[in-house]
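The values are calculated or read from the model by the stated rules, or taken from the named source; none is laboratory data. Everything numeric in this text was worked out from a predicted model, so none of it was measured. As a convention, Cβ positions derive from the backbone with ideal geometry for all residues, glycine included, and neighbour counts pool all protein chains shown.
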Amino acid sequence: MRAVVHDRYGPPDVLRLEDVERPVPKEDEVLVKVHATTVNRTDCHRRAADPFVWRLFAGLRRPKRRILGSELAGDVEAIGAAVTGFAAGDQVFGLNPWTFGAHAEFVGVKAGGLIAHKSRGMSFEEAAAICDGALNALTSLRRANLRRGHQILIYGASGSIGTAAVQLARYFDAHVTAVCNTKNLELVRSLGADEVVDYTQEDFTRNGETYDLIYDAVGKHSFRRCKGSLKRGGIYLPTDGWLNIFLALWTRLGTKRVLLGIPPRYTKEDLLFLKALIEAGEYQAVIDRCYPLEQVVEATRYVETQQKTGNVVLTVIDDGAR
Ligand SMILES: NC(=O)c1ccc[n+]([C@@H]2O[C@H](COP(=O)([O-])OP(=O)(O)OC[C@H]3O[C@@H](n4cnc5c(N)ncnc54)[C@H](OP(=O)(O)O)[C@@H]3O)[C@@H](O)[C@H]2O)c1
């Protein structure tokens, strides 16, 4: 089968298309024929081993797994002997958050893991772009106990996690202020933001407003700068950052806290919850660009500009099938 592989850590050019052996599903696995996948920020961190700590999971000197790609949508090709609930020909979508492997024509996914049947009305491209940002935002907002009437500010509202967070916070009936660049103001409004702040024109930390929750969905802000914009009992919710691990411990008993959702704890129930939201018209994956698998290097370079809006999809089989 065709797959995008990398044998060393480095810039996007370390990725190349190669013919590799097709995986055989283990007893508890579903073998998926991949129609669409994504290039996300996690793929980039892992490929570059940046930050260095990635090497502890991915291989100290070189990558142990050569194929990236955590999000996927496609058809079930075959199932392992112990698998129930899936059959060959089923259309599915999901996430391989630890084992990756979806930048390929076939990938194995644990049947009990993050995989579910795709809704008929959803294209494979849309289905592939659901999981990473939305599961991240969902688990983080739940950890922070976001509730009806809470005032939340989402910084970096136009990214993969940001566009998901705006829609989910709106669904939870919070009052949503979304911060993004001028070009994305209309988009985040359309996703459900009650207020928008253009960060090129205004610094929200100086406008006197305060929030129950500030979600730094793009890892570009800091607790120190946001603290004055938090209400008493307020929470700063970052997506990454070493300092934030320390701050989460340091502020645990304080009146303004840092809460870090690492490691993320994704469940199949959450995936099914997202699917139900999509079917109810309450959620949509935002797609910026689609590239064919062959253009994985270009797609990756674009993701690394950190300017994508929502998600970047890789089309593996471009047959328009639904
Ligand atoms: N904790 C986890 O498990 C986990 C998992 C996945 C990702 N992450 C981390 O979460 C962060 C976000 O990931 P993502 O995939 O959602 O990011 P992303 O989609 O790459 O974010 C891109 C967006 O960020 C906005 N942006 C860039 N610079 C900005 C700035 N200075 N201020 C405000 N907005 C800015 C851009 O909008 P404009 O064009 O408007 O600037 C763009 O729309 C990353 O740091 C990633 O490493 C963590």
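How many of the residues making up region 254-271 are within 16 Å of the ligand (Cβ to nearest atom) and among the acidic types (D, E)? Talk me through it step by step, then tell me what you get.
Taking region 254-271 first, the residues within 16 Å of the ligand (Cβ to nearest atom) are 258-267, 270-271.
Adding the requirement that they be among the acidic types (D, E) leaves 270.
Going through region 254-271 one residue at a time, the tally reaches 1.
Based on what the data block shows, is D240 within 20 Å of the chain's Cα centre (by Cα), of a type outside the set (F, W, Y) and not in a helix (DSSP H, G or I)? First the steps, then the outcome.
On the way: within 20 Å of the chain's Cα centre (by Cα): yes; of a type outside the set (F, W, Y): yes; not in a helix (DSSP H, G or I): yes.
Spelling it out, D240 is indeed within 20 Å of the chain's Cα centre (by Cα), of a type outside the set (F, W, Y) and not in a helix (DSSP H, G or I).
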Extreme residue, farthest from the ligand (Cβ to nearest atom), among residues of region 177-193 that are assigned to a loop (DSSP other than H, G, I, E, B) and farther than 15 Å from I214 by Cβ: G192
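Take the residues in region 145-172 that are assigned to a loop (DSSP other than H, G, I, E, B) and under 25 Å from D198 (Cβ atoms), then tell me which one is farthest from the ligand (Cβ to nearest atom). Can you show your working first?
Start the filter on region 145-172 by keeping residues that are assigned to a loop (DSSP other than H, G, I, E, B), which leaves 145-150, 156-159, 172.
Right, trim to under 25 Å from D198 (Cβ atoms) and you get 146, 150, 156-159, 172.
Details: L146: 17, H150: 21, G156: 4, A157: 8, S158: 3, G159: 3, F172: 19 Å.
Checking each candidate, the answer is H150.
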Given (1) within 11 Å of the ligand (Cβ to nearest atom); (2) without any contact (Cβ under 8 Å) to a residue 24 or more places away in the chain, number of the condition Q201 does not satisfy: (1)
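Just for region 208-221: of the residues that are part of a loop (DSSP other than H, G, I, E, B) and touching a strand residue (DSSP E or B) at 6+ places or on another chain (Cβ under 8 Å), which one is farthest from the ligand (Cβ to nearest atom)? Can you show your working first?
Pass one, region 208-221, residues part of a loop (DSSP other than H, G, I, E, B): 208-210, 217-221.
Still in the list and also touching a strand residue (DSSP E or B) at 6+ places or on another chain (Cβ under 8 Å): 209-210, 217-221.
Numbers: E209: 17, T210: 20, A217: 6, V218: 4, G219: 3, K220: 4, H221: 7 Å.
So, considering only residues that are part of a loop (DSSP other than H, G, I, E, B) and touching a strand residue (DSSP E or B) at 6+ places or on another chain (Cβ under 8 Å), the one farthest from the ligand (Cβ to nearest atom) is T210.
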Subset tally (residues that are surrounded by fewer than 22 Cβ atoms within 10 Å (Cβ to Cβ), under 13 Å from H35 (Cα atoms) and in contact (Cβ under 8 Å) with a residue 24 or more places away in the chain) for region 60-91: 4
When residues of region 16-41 are limited to those that are assigned to a loop (DSSP other than H, G, I, E, B) and acidic (D, E), the one nearest to D318 (Cα to Cα): E21
Any pair with Cβ under 8 angstrom, 6 or more apart, that starts in region 217-230 at a residue that is over 19 Å from V166 (Cα atoms) and ends at one that is within 12 Å of the ligand (Cβ to nearest atom) and not in a loop (DSSP other than H, G, I, E, B): S222/D216; F223/P238; F223/N244
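Is at least one residue of region 293-300 charged (D, E, K, R) and closer than 30 Å to M1 by Cα?
Filtering region 293-300 down to residues charged (D, E, K, R) leaves 294, 298.
Filter once more, so that each one left must be closer than 30 Å to M1 by Cα: 294, 298.
Within region 293-300, one or more residues are charged (D, E, K, R) and closer than 30 Å to M1 by Cα.
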Criterion violated by G94 - all others in (1) assigned to a strand (DSSP E or B); (2) at pLDDT below 95 satisfied: (2)
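Return the only residue of L260, L243, L274 being closer than 20 Å to L153 by Cα and among the aliphatic types (A, V, I, L, M). Walk me through it before giving the result.
Working: L243 fails: closer than 20 Å to L153 by Cα; L274 fails: closer than 20 Å to L153 by Cα.
The conditions single out L260.
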